[in-house]
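The values are calculated or read from the model by the stated rules, or taken from the named source; none is laboratory data. No experiment lies behind these values; they were computed from the predicted model shown. Virtual Cβ from ideal backbone geometry, glycine too; neighbours counted across all protein chains shown. Side chains included, ligands, DNA and RNA excluded: accessible areas come from the protein's heavy atoms. Shrake-Rupley method; radii C 1.70, N 1.55, O 1.52, S 1.80 Å.
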Amino acid sequence: MRTLSTPSPALICPPNLPGFQNGRGSSTSSSSITGETVAMVHDPPPPRLTHPLIRLASRPQKEQASIERLPDHSMVHIFSFLPTNQLCRCARVCRRWYNLAWDPRLWRTIRLTGETINVDRALKVLTRRLCQDTPNVCLMLETVTVSGCRRLTDRGLYTIAQCCPELRRLEVSGCYNISNEAVFDVVSLCPNLEHLDVSGCSKVTCISLTREASIKLSPLHGKQISIRYLDMTDCFVLEDEGLHTIAAHCTQLTHLYLRRCVRLTDEGLRYLMIYCPSIKELSVSDCRFVSDFGLREIAKLESRLRYLSIAHCGRVTDVGIRYVAKYCSKLRYLNARGCEGITDHGVEYLAKNCAKLKSLDIGKCPLVSDTGLECLALNCFNLKRLSLKSCESITGQGLQIVAANCFDLQLLNVQDCEVSVEALRFVKRHCKRCVIEHTNPAFF
């Protein structure tokens, strides 16, 4: 007969560390093993002893309030707030806790953190335990988060891909050993995957249903990848050809983040707009080769685009802003920090065409002055966040016009701007909920 088992806490926490830090506090590891983390499998805890002397000694404790008095559904609810490593520890307290800790409702998510954890082995043991009731497949697991686990390799992701066909969310940011091969395994074996975060995975250059990353390969037999959210921040090896392949296979994308993908150009954005017309949020911050021609392509998203970040795209000018403002009338968020080619004319186009704008960052745009702020204040009454950091031409007069018209302003950044204390006080009086970030020591 097969014996039920539970992974040891040593599986999740590196034994060579004195404690494990998580989002809700720290706990001390009970393992004394040193060296590499070893995945272990243990039998369920034995039933409690029932010797008469033990019962007599424990009688005063039973009279006190005990967590054991809570019903099963309350215990399961409490366990639902624990991270994966703590849940494994709870499973070793007693037989009742063991059975509750492995309730399938608690294992819709696996969340592991730590640079030294042997995450490949951890995933293998956890998925093997979760597959006991349904051999070779884990139907309840929907989310796997192993961000920052630098020892994660393609082998670990292959384990997830094989055992978890219902996976919907995968986060592996900072796992720089992941390659295109592992991503292929996941997207081809997990057809319901909607959220993928591979930020910081520098070896990932393509996401497709074919093993060869080539733009000549189209989706097989009309198949598409169901990913809607894709974060490829800091995948700095990604080029236009790779983006073409991604766009051709991931046509349902609505959120795409390409921050610091420094090899991308306007041509890559053209491919993106051909295949992915449903994008709502797009970031190409620090993509230094993106210019006004790229923004002309982005403008083809029209009213569907709500969020756009082009921070530090030095080739962007008023021409590109005009394209976006003209066609993307429902834009809510724009980050154009460091685009030094933007002037008051660009801000005017934006204000008159995107009246529902709620967040705008035009910091480090030295050519924007009070004239642009006045036009912004008279058209965008719903503005809640405004960053003017290091805008040398901004004065207190422009800030007063903004405060007098944008009553819902919640955040104002005027660091390194030459504004008077009186202007800052004026803003505070008219926008009472506004948090002002400044560098004026006289205002507090």
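Evaluate segment 411-418: report whether one residue or more is more than 18 Å from Thr317 (Cα to Cα), crowded, with 17+ Cβ neighbours inside 10 Å and among the polar types (S, T, N, Q). Yes, segment 411-418 contains at least one residue that is more than 18 Å from Thr317 (Cα to Cα), crowded, with 17+ Cβ neighbours inside 10 Å and among the polar types (S, T, N, Q). Sub-9 Å Cβ pairs linking a first residue in segment 287-302 that is on the phi > 0 side of the Ramachandran plot and free of Cβ contacts under 8 Å to residues at least 60 places away in the same chain to a second residue that is assigned to a helix (DSSP H, G or I) and of a type outside the set (Asp, Glu), at least 6 apart or interchain, are Glu302/Tyr327, ordered by first then second residue. Taking the numbered list (1) open to solvent by 20 Å² or more (accessible area, probe 1.4 Å); (2) in a loop (DSSP other than H, G, I, E, B); (3) at pLDDT below 90 in turn, His221 passes all entries but (2).
Asn382 falls short of the stated requirement of being buried (at least 16 other Cβ atoms within 10 Å of the Cβ) and either closer than 22 Å to Arg322 by Cβ or not aromatic (Phe, Trp, Tyr) (or both). Scanning for something at negative phi and in contact with a strand residue (DSSP E or B) (Cβ under 7 Å, 6 or more places away or on another chain), does segment 65-82 turn up at least one residue? So far as segment 65-82 goes, no, none of its residues is at negative phi and in contact with a strand residue (DSSP E or B) (Cβ under 7 Å, 6 or more places away or on another chain).
Only one of the numbered conditions (1) surrounded by fewer than 24 Cβ atoms within 10 Å (Cβ to Cβ); (2) out of contact with any helix residue (DSSP H, G or I) (no Cβ under 6 Å at 6 or more places or on another chain); (3) over 15 Å from Gln224 (Cα atoms) is violated by Pro191, and that is (3).
Picking from Val347, Val319, which residue would you name as being among the β-branched types (Val, Ile, Thr) and either closer than 21 Å to Met273 by Cα or surrounded by fewer than 21 Cβ atoms within 10 Å (Cβ to Cβ) (or both)? Before you say what the answer is, go through the steps one by one.
On the way: Val347 fails: either closer than 21 Å to Met273 by Cα or surrounded by fewer than 21 Cβ atoms within 10 Å (Cβ to Cβ) (or both).
Within the list Val347, Val319, the selection yields Val319.
Is one or more of the residues making up segment 397-407 more than 20 Å from Leu357 (Cα to Cα), outside any strand (DSSP E or B) and either touching a residue at least 60 places away in the same chain (Cβ under 8 Å) or in contact with a strand residue (DSSP E or B) (Cβ under 8 Å, 6 or more places away or on another chain) (or both)? Scanning segment 397-407, I find no residue that is more than 20 Å from Leu357 (Cα to Cα), outside any strand (DSSP E or B) and either touching a residue at least 60 places away in the same chain (Cβ under 8 Å) or in contact with a strand residue (DSSP E or B) (Cβ under 8 Å, 6 or more places away or on another chain) (or both), so the answer is no.
I'd like to know if segment 395-405 contains one or more residues that are open to solvent by less than 10 Å² (accessible area, probe 1.4 Å), under 31 Å from the mean Cα position of the chain (by Cα) and hydrophobic (A, V, I, L, M, F, W, C). The answer is no; no qualifying residue exists. Scanning segment 267-290 for residues that are closer than 16 Å to Arg306 by Cβ and open to solvent by 70 Å² or more (accessible area, probe 1.4 Å) yields a count of 1. Filtering segment 419-444 to residues that are assigned to a loop (DSSP other than H, G, I, E, B), more than 22 Å from Ser369 (Cβ to Cβ) and either open to solvent by 70 Å² or more (accessible area, probe 1.4 Å) or at pLDDT 90 or above (or both) leaves Lys432, Arg433, Pro441, Phe444.
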